Ligand code: TNX
């Protein structure tokens, strides 16, 4: 009898777990405020989503998860029943992307200003649920219970980005969609697609079909990195050739938007464009007929010719189609690593230097970018580029992505420009994450999980005024040495989780040991999702 009473007192006779401790909570990124209360909310086949028509779509991802894992069709209604519901309440006093989540025995309430706040509230609910919620097939004997909590949460930065290089190796639409899902889970909101590089042009442009017909495919399908060594095969090879049709892009952009993710297109210029020149040699200074290279080419001397008006007409036409497809405020024009060898001996370039009153051919770089910036801003968009766009003076409305360390970010923010911080030191996911003898071939460098976790887009040298210009941070996955989807996942996860926390959570809420505990739970989720993450959480000391 005594035992029975004890059982009742501690709720052990109830079917579901209702007693939770802090250890059971493992949300990534760490919310700003989380208070654990007694009791729990249990999802049942009768749980309703109470949503105003305007936001009905936002709950669908969670309904789909319940549909697959529990085989329930949870209903969406507009009026709240007596209990057992998840309600979305518009609260215009909250900041953009912020949410408040209140879980009690009777109901779950999510307050937000709009779509993305609701989405993030629901993503937190998802992370409070057992990881079986991620299962694509029916799971038995799971109690779909979440602890009673009060959460108040908002991002530290508004640019929480991830760049995927789809040029060096092509990753198909489905992989991009799956990546968007993972970004949303971690409350990341920006996917930067590096659509153009020497090794492949990956976006259909109707006016210039050869860009993808020729530039989208390598003649020599064998890949030859210049420091090649055998690398273990991980899953199926991503193809070296391929491109997104405009229909694909529309699908990607629409899907991303439903996941709160803005897709920033990058159309490289003036260098890293051998794929375009292979298709249209007239874009270069000397019409050299070149091939789309398979491996890396260094230095890159076949670049666009800034001496010819036709080069700019071409780029404006390309960008018009790009802007039609991508609603993104930011249009990335690359701008990095242009070697000006050809410009120095090109008559058209020299004439341009004279006509524009420039000091030398080097200054054509900033002439080029400034001209493109005028075009982009005339269409109401904002130009963003790698930090080389600072050279020779930055275009007035340009935003800088600082990759060669933080120098570019410091300089641009000092001049009053917005910046996105993406230094190689903390954000380059093509670097090794563990012992280089054991890891698959990578670009070089060392970037263990613990170092990504230390990333802070605001650096010490910045004044408060400069810090205001920091839009946020971004991780980049360059794919010269990433030939398969499984390897792309390996390089991306869990480092993306560390980066997500660095750009979402408040600095004082970050704690490495607690993060590594929560990442272990994320691994269980990734196991169910079938994601090939690196188990590098154990590489703490590197
Ligand atoms: C530099 S980062 C590049 C890329 C390479 C990367 C490899 C940047 C703007 N340019 O073209 O893929 O290094 O880490």
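None of the figures in this text is laboratory data; all of them are computed from the coordinates on show. Just so it is clear, the structure is predicted and the values come from calculations on it, not from any experiment. Positions of Cβ are generated from backbone atoms using ideal geometry, with glycine treated the same way; all protein chains shown enter the neighbour counts.
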How large, in Å, is region 15-153 by the Kirkwood hydrodynamic radius built from its alpha-carbon pairs? 15.0 Å
Explain nothing, just the number: relative contact order of region 15-153, from Cα pairs under 8 Å at least 6 residues apart, as a whole percent. 35 percent
Note the angle between two axes, namely the Cα long axis of helix 512-529 and the longest principal axis of the Cα atoms of the chain, as a number of degrees from 0 to 90, rounded to the nearest 10. 90 degrees
Report, to the nearest 10°, how far helix 495-504 tilts away from the longest principal axis of the Cα atoms in the chain, using its own Cα long axis and a range of 0 to 90°. 80 degrees
Projected label distance in nm at residue 95 and residue 320, using a 7 Å step from Cα toward the beta-carbon: 4.1 nm
Label zone at residue 282 (point 7 Å along Cα-to-Cβ), backbone N below 17 Å, region 303-331: 304-318
Take the Cβ-Cβ distance between residue 468 and residue 257 as r, set R0 to 25 Å, and report the resulting FRET efficiency rounded to the nearest 0.05. 0.35
To the nearest 10 degrees, the tilt of helix 246-258 (Cα long axis) against the first principal axis of the alpha carbons of the chain is 40 degrees
I want to verify the translational diffusion coefficient of region 159-538 in µm²/s; compute it with Stokes-Einstein, Rh as the Kirkwood radius over Cα pairs, at 20 °C and 1.002 mPa s. 102 µm²/s
For region 282-319 and region 420-441, write down the distance between their C-alpha centroids in whole Å. 30 Å
For residue 509 and residue 344, compute 0.36 nm times the residue count separating them, minus their Cα-Cα distance, and round to one decimal in nm. 54.2 nm
Given R₀ = 41 Å, what would the calculated FRET efficiency be for residue 371 paired with residue 177, taking r from the Cβ atoms and rounding to 0.05? 0.70
Helix-derived [θ] at 222 nm for the chain: sum -39500 (n - 2.57) over DSSP H runs of at least 4, divide by residue count, nearest 500? -9000 deg cm²/dmol
Where the centre of each part is set by its Cα atoms, how far does region 149-221 sit from region 457-471, in angstrom? 27 Å
